[in-house]
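Have a look at the structure below before the remarks.
No value in this document is a laboratory result; all are computed from the given coordinates. What you see is a predicted model; the values in this text were computed from it and never measured. Note that we place each Cβ from the backbone using ideal geometry, even for glycine, and neighbour counts take in every protein chain shown.
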Amino acid sequence: MPAPILEVKSLTKRFGDAIAVDDISFDIRPGEILGLLGPNGAGKTTTIQMLLGLVTPTTGSIRMFGLDLAAHREQILQQVNFSSTYISMPYSLTIEENLWVVAKLYGMTDIARRIDEVLKKVEMEDSRTKVTRRLSSGQMTRLALAKAILTEPKILFLDEPTASLDPDIAHKIRALLKEVRKSSGLSVLYTSHNMKEMEEMSDRIIFLQKGKIVAQGTAQEITQRFGQRNLEEVFLKLARES
Amino acid sequence: MKLHRINALVHRHLFLYRRSLPRLMEIFYWPFLDLVVWGFITVYLMKFQGQLPGVVTFFLGALILWDVLFRAQQGITISFLEEIWARNLMNLFASPLKPSEFLAATMVLSIFKVAAVSVVMATCALVFYDYNVFMIGLSLVPFVLNLVITGWIIGVLTTSIIMRFGQEAEVLAWGMVFLFQPVSCVFYPIEVLPKWLQAIAWGNPAAHIFEGMRMVLNTSVFPSEHLAWAVGLNLLYFALMVGWFHHTFNVCKEQGLLVRVGE
């Protein structure tokens, strides 16, 4: 089994008296898609923000590519990217300008070719000169995803990447992610409230509740463990118990 | 510090200004209005030329230099606010961009703004009031450079406060600099201040710069002592403010404020 590309040990985040993330440990292997599941407020987004170096953990360690995030932030973030439904890109810039800025931030070369490639992948090659504020919410999500894969990351954090998409585009996005994963060995940490999507996309799933890991394993292992028929039933059971 | 990341951020703002007329107008609108109002006051005061020698040079020069400081401060603070308004801070700080690179980019943008405003104001002063700011001479150059640095110091201070206290503190982007104006002695000599306020003013690099400018105008002697004080104080405050910005950045990351700063 290959060594983990991401290792989280005893990660805890407190905001005053409130515990957002409570002593969680997990890892991701190269090429693996790990689903992070849990009700609102379970600590999924805070976990991703800590993995991106945007929030400092109270205790615990985060290692990626064998390096400690606190000590090697720049080297690690160079090989990581993210997409979130809740974050936008500057509205007054065109799609092309936004992607150019991101590419420069990551020190990429041959930027024009790479922008062409990713716009083709997210089916936005005809919109490249469109100002971002004129995009529909679905196009905005696709732009966020284009930004995330533009830099050819080794690890991708996706916070509800298909939340605002219609089923057709959401299906295309999932197909794209599978293709990128297959071609580049990309590792992904994925959050979603769409249980079918989770089952389809994830190799393993971590179920968070009140900041703690309450279950982990494949979708099948988790549903069997809780005696339910599918992930949605597990989700409802756990959410209602809490 | 990586130049390509500074370049990326500078271009992100240049792209923005390229297609935003309101933003471009904002850069020039206030300086232009200031110049018109103060220009006419100066024209009026010229009637008392005998009692107040060099009044035109004095007021219009001071006004243009004050705007240099103001725009230098705004170049930093407004650039940060633009990232908040665009909800783009997470995109930036989840990338390899360092806080020091972010500051460096805003300083470059600040120089662009100062240069643009200075050219417009100097041209307007020449056209409307037949006033040439460059008649102060080459001694103006080190003072202008120091004013830009003073503007950066106030800009970094304001940005740190906005980052810490959120968007509700954004009004400081326009107001903070005026807190320093009375003790910068822009339009009057430092001796008109009460003694206790003079002591505070001497700790302000801008006061040394404006005092120095007046000395150049009145005596044609290069005020090297004022310049040395301005440089020394600027270096001290600049180091303190950059350190303070980094400290605030870390506090914001610990308290989860960086990801919520626009809310």
Checked the protein assembly as shown with the C-alpha gyration tensor, a ≥ b ≥ c its square-rooted eigenvalues, rounded below a/c of 1.5, otherwise prolate if a/b is larger than b/c and oblate if not; verdict prolate
Inter-part gap, Cα centre of the stretch A:143-172 to Cα centre of the stretch B:134-202, in whole angstrom, is 45 Å
For chain A the mean separation of alpha carbon contacts under 8 Å (6+ apart) over residue count, i.e. relative contact order in percent, is 26 percent
Rounded to one decimal in nm, the spacing of the 7 Å Cα→Cβ label points at residue A:134 and residue A:7 is 5.1 nm
Here, the stretch A:88-152 modelled as identical Cα point scatterers in vacuum has Debye log10 I(q)/I(0) at q = 0.19, 0.25 Å⁻¹ of -0.60, -1.07
Fraction of alpha-carbon pairs in chain A farther than 35 Å apart, rounded to whole percent, equals 13 percent
Largest fluctuation, A:156, A:67, A:99 only, Gaussian network model of chain A with Cα springs under 10 angstrom, belongs to A:67
For the stretch A:36-99, shape from the Cα gyration tensor axes a ≥ b ≥ c, cut at a/c of 1.5 then a/b versus b/c, turns out oblate
So the FRET efficiency between residue A:71 and residue B:191, C-beta based with R0 = 41 Å and rounded to 0.05, is 0.15
Among the Cα-Cα pairs of the stretch A:150-230, the proportion with separation greater than 14 Å, in percent, is 67 percent
For chain B the mean separation of alpha carbon contacts under 8 Å (6+ apart) over residue count, i.e. relative contact order in percent, is 24 percent
Expressed in angstrom and rounded, the centroid-to-centroid distance over alpha carbons for the stretch A:83-137 and the stretch A:221-239 is 38 Å
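Above 28 Å lies some portion of the pair distances; for the stretch B:3-260, what is it as a whole percent of all C-alpha pairs?
Pairs farther apart than 28 Å: 36 percent.
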Taking r as the C-beta separation of residue B:36 and residue B:85 and R0 as 30 Å, the FRET efficiency to the nearest 0.05 is 0.55
Most exposed first, judged by fewest Cβ atoms within 10 angstrom, B:17, A:86 run A:86, B:17
FRET efficiency (residue B:45, residue B:165; Cβ distance; R0 30 Å; to 0.05) is 0.15
